[in-house]
Amino acid sequence: MDGFVLRPNIQEKFRSTIGKNILKEVCQELLHDKTFEIATIEDSSVVVAEAIRNRLKDLNLPRYKYIVKVIIAEQRGQGMNVTASCMWDPDTDSAVSHLYTNNHLYCEAIVFAVFNY
């Protein structure tokens, strides 16, 4: 009997390990040769966020919605702590993050994967 589904089956559940790999790959692909340029960094963060979102959509998990946050800052030897939280269902929803650094910048990419009831 077909009906309203409150939980994804195991094949349709977001896997945080796959999400984390997507973050690592996209950041490496798009930022490995970038320097921090104040005039273009906002565009770079949008490009990274859109690339992450598109790769997540390629997972074909139709009931999931993704919130992607990308923070790029200049690398000058300083530290940075980023925290984010969201209220959700721990059985279906997930969050992953990745910190990418090179000699010129660092990028914190965060994804919230939320199952749409």
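The values are calculated or read from the model by the stated rules, or taken from the named source; none is laboratory data. Every value quoted in this text rests on a predicted model; they were computed, and no experiment measured them. Note that each Cβ is placed from the backbone with ideal geometry, even for glycine, and that neighbours are counted across all protein chains shown.
Mind listing whichever residues of segment 1-41 are outside any helix (DSSP H, G or I) and farther than 21 Å from A51 by Cβ? Answer for segment 1-41, where residues must be outside any helix (DSSP H, G or I) and farther than 21 Å from A51 by Cβ: M1, D2, G3, F4, V5, L6, R7, P8, N9, K13, I38. State whether the residues of segment 99-115 include one that is within 16 Å of L31 (Cα to Cα), within 9 Å of the chain's Cα centre (by Cα) and small (G, A, S). Scanning segment 99-115, I find at least one residue that is within 16 Å of L31 (Cα to Cα), within 9 Å of the chain's Cα centre (by Cα) and small (G, A, S), so the answer is yes. Screening E42 against (1) surrounded by 15 or more Cβ atoms within 10 Å (Cβ to Cβ); (2) more than 12 Å from the chain's Cα centre (by Cα) leaves a single unmet condition, (1). Taken over segment 64-105, residues that are within 21 Å of G19 (Cβ to Cβ) and assigned to a strand (DSSP E or B) amount to 17. Is it the case, given these coordinates, that V111 is modelled with pLDDT of 95 or more, surrounded by 13 or more Cβ atoms within 10 Å (Cβ to Cβ) and farther than 23 Å from E12 by Cα? For V111, the condition - modelled with pLDDT of 95 or more, surrounded by 13 or more Cβ atoms within 10 Å (Cβ to Cβ) and farther than 23 Å from E12 by Cα - is not met. Among the residues of segment 106-117, is there at least one that is more than 24 Å from K57 (Cβ to Cβ) and either part of a loop (DSSP other than H, G, I, E, B) or touching a strand residue (DSSP E or B) at 6+ places or on another chain (Cβ under 7 Å) (or both)? Yes.
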